[in-house]
Each structure stands twice: as C-alpha cells, then as structure tokens.
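Student: Pasting a structure below so you can have a look.
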Amino acid sequence: MTQNFSTDEDLSFLKDNLQEVLESIQNAAVKASRSPDSIRLMAVTKTVKPLYINYMLSNGVGLIGENKVQELLSKVEFFNKPVPEMHIIGHLQSNKVRKIIDTVDMIQSVDSISLAKEISRQAVLHEKSMDILLEVNIGSEDAKTGLDIRDLNETAFAVSEMEGINLKGLMCVPPMSDSESETRGYFEKTRRLYDELSSALKGKCEFSVLSMGMSGDYVHAIAEGANLVRVGSALFGARRY
Ligand SMILES: *Cc1c(COP(=O)(O)O)cnc(C)c1O
C-alpha cells in the first residue's frame, strides 16, 4: 500500500463512483419494493489509501470493511474523526483477535467455533461484547473460507450461547459466476438460511444483518434481501496490490 498524503490529487472520480453506487443501490431497492434506507453501504478499503477512504467518510459513508488486521491497524490513525464504524470481513486467525477486539465494531467472517470461542474470551476480558456474523461457504467451494452449510445450525446455536458475543446474522461470498440466475440463486439460498436461523434462534439472539453483494453483484444481492452490501472496486477503482 502506498500512502500518499498529498491533498492536490484529483479525487473527483471518487465522487462519481460514490454517486453511481448510491444510485444503483437506490434503484435496486425500489425495484425490489424495499426502502433504500434499509440497505447499508460498506466501503471495502483493502489496499486503499487513507486519503481515498477519508473522502468516502466525509461524504456520508459511515462504514468501512477491511480484510486484514494489520492493514486496518496501520490505517486507523489516519482516518477522519469521528472514527467510522469498522468491520473485519476477511479470514481471521484466532491469535489476531486480541489485536482488534477494541478497534472493530463487528467481525463478519466468523467461520469456526474455535474462532468464536476466542472472540468470546477476549470480549469478556475486555469487558465488552462483540457483534459477529457467521460466514457461510454458500457455494461449498473447497478454496473458500466460511462455514460448511451442514455445520451452520450447530455453530449458530453454540455461538448464540457464548458470553460477550452478539450473533447478528450471516455473510457470504458466492462463487464467481457470469450467470445472473446462478448468482441470485446463491443469494436466495443464503437469505433462506438467514430467515430459518433467525426464527430458530428467536429469544437467543436478534438477527438484523444479511451481508452479501460486492461490486459485481450487489444489485442482485439487494434483489434477494441483502441489507448490507460490501463494495470495494466500484467505489475506489481496481485494486493495485
Ligand atoms: C474485497 C472484498 C469485497 C469487495 O470486493 P469488490 O469486488 O472490490 O467490491 C467484499 N467482501 C469481501 C469479503 C472482500 O474480501
């Protein structure tokens, strides 16, 4: 990541991108007979320099997502104040939990009971409670992180009993596909799991977050019920690693 703090850079492309994304979210919501206000936009900021992130923060985006603990921690001090709501969305190793327990507002990528246990342990130690989502490997892809669908129920029930954790819903990254109907099928399936779990866990936890949809498919995710979309390259341009 290069950190360029010059302020004479032309940032107008960011304004155009943001406007376009907000308009598509609005249109997708209206088309699905949903209120645009019920859908949250997360700016996914991996590899993005703080100057660009701050542009989004000062233009109404209040939620950012990072994949890596180290990268997030190295950027936090450069963010505009007040500090935005920050979520971890990438695979998280248990030994990194303590580094971010006081920094992030939600961990969306919980994919094992052992990770949840460590989050619970650290949350209790730090006298707080952490919001989490369970990440589902909805396409059952070998190369992807996320819970196997068959383990979802058992994991959700176990996690819902853990101290210091608020289980708020599900997150998924469906398989890459050029087929709209296939992509929508994965989103619909996740939505169904979300609804089923939400009623099964009634009284134990309150589901409110269905995180799905990225730059290439957030419009379809909204059509299938997503209420948090995670958008990176459509806001910031293609990533340069
Ligand atoms: C990178 C990433 C995104 C955003 O991807 P874009 O295609 O750039 O919008 C969303 N969710 C997760 C989990 C990611 O790793």
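Student: For residue 96, give me every one of the aspartates and glutamates with a C-alpha distance below 16 angstrom, ignoring sequence neighbours fewer than eight places off in its own chain.
Tutor: Cross-link targets: 66, 71, 105, 111, 118.
Student: Which Cα, out of 216, 110, 41, lies furthest along the positive dipole direction of the chain (beta carbon charges, K/R +1, D/E -1)?
Tutor: So the residue furthest toward the plus end is 110.
Student: Could you go through the range 37-54 in sequence order and give the Karplus-derived ³J(HN,Hα) for each residue, using 6.51 cos²θ - 1.76 cosθ + 1.60 with θ = phi - 60°, rounded to whole Hz, and x for Gly and Pro?
Tutor: Here the 3J(HN,Hα) series is 5, 7, 10, 8, 9, 9, 8, 8, 10, 4, 6, 8, 7, x, 4, 6, 4, 5 Hz.
Student: Follow-up question, since we're still on this one. With +1 assigned to the C-beta of every Lys and Arg and -1 to the C-beta of every Asp and Glu, and no other charges, what is the dipole magnitude of the range 66-142 about the Cα centre in debye, to the nearest 20?
Tutor: In debye, rounded to 20, the range 66-142 gives about 340.
Student: Treating only the Cβ of Lys, Arg, Asp and Glu as charged (+1, +1, -1, -1), what charge dipole size does the chain show about its Cα centre? Round to the nearest 20 debye.
Tutor: Roughly 340 debye for the chain.
Student: What is the percent carbon and sulfur in the accessible area of the chain, measuring with a 1.4 Å probe over the protein chains and ignoring ligands?
Tutor: Carbon and sulfur: 46 percent of the exposed surface of the chain.
Student: Further question: Keeping every protein chain present and rolling a 1.4 Å probe, give me the accessible area per residue for the chain in Å².
Tutor: Normalised by residue count, the accessible surface of the chain is 49 Å².
Student: Please list, ordered by chain and number, the residues whose modelled amide H lies under 5 Å from the amide H of residue 147; skip anything fewer than 5 residues away on the same chain.
Tutor: 135, 136, 137
Student: Oh, and also: Using unit Cβ charges (K, R positive; D, E negative) and no other charged atoms, how large, in debye to the nearest 20, is the dipole of the range 103-241 about its Cα centre?
Tutor: About 280 debye.
Student: Next question. Taking amide H atoms as placed 1.01 Å from N in the peptide plane, list the residues 5 or more away in sequence, or in a different chain, whose amide H sits under 5 Å from that of residue 165.
Tutor: When sequence neighbours closer than 5 places are left aside, the close amide H contacts are 130.
Student: Sequence-distant or interchain residues sharing an amide H contact under 5 Å with residue 44, placed H: which?
Tutor: Those qualifying (amide H under 5 Å, at least 5 residues apart or on another chain) are 65, 231, 232.
Student: Please find, in a Gaussian network model of the chain (springs between Cα atoms separated by less than 10 Å), the residue of 69, 219, 83 whose mean-square fluctuation is greatest.
Tutor: Looking only at 69, 219, 83, the biggest GNM fluctuation is shown by 83.
Student: In the chain, if every C-alpha pair distance is counted and binned at 10 Å from zero, what percent goes to each bin?
Tutor: Distribution as computed: 7, 32, 37, 21, 3, 0 percent.
Student: Take 191, 34, 98, 150 and sort them by solvent-accessible surface of the protein heavy atoms, 1.4 Å probe, largest at the top.
Tutor: From most exposed to least exposed: 150, 98, 191, 34.
The values are calculated or read from the model by the stated rules, or taken from the named source; none is laboratory data. Please read all numbers here as calculations on a predicted model, not as lab measurements. Here Cβ is always computed from backbone atoms with ideal geometry, including for glycine, and neighbour counts include all displayed protein chains. Heavy atoms of the whole protein, side chains included, go into the accessibility calculation; ligands, DNA and RNA do not. Shrake-Rupley method; radii C 1.70, N 1.55, O 1.52, S 1.80 Å.
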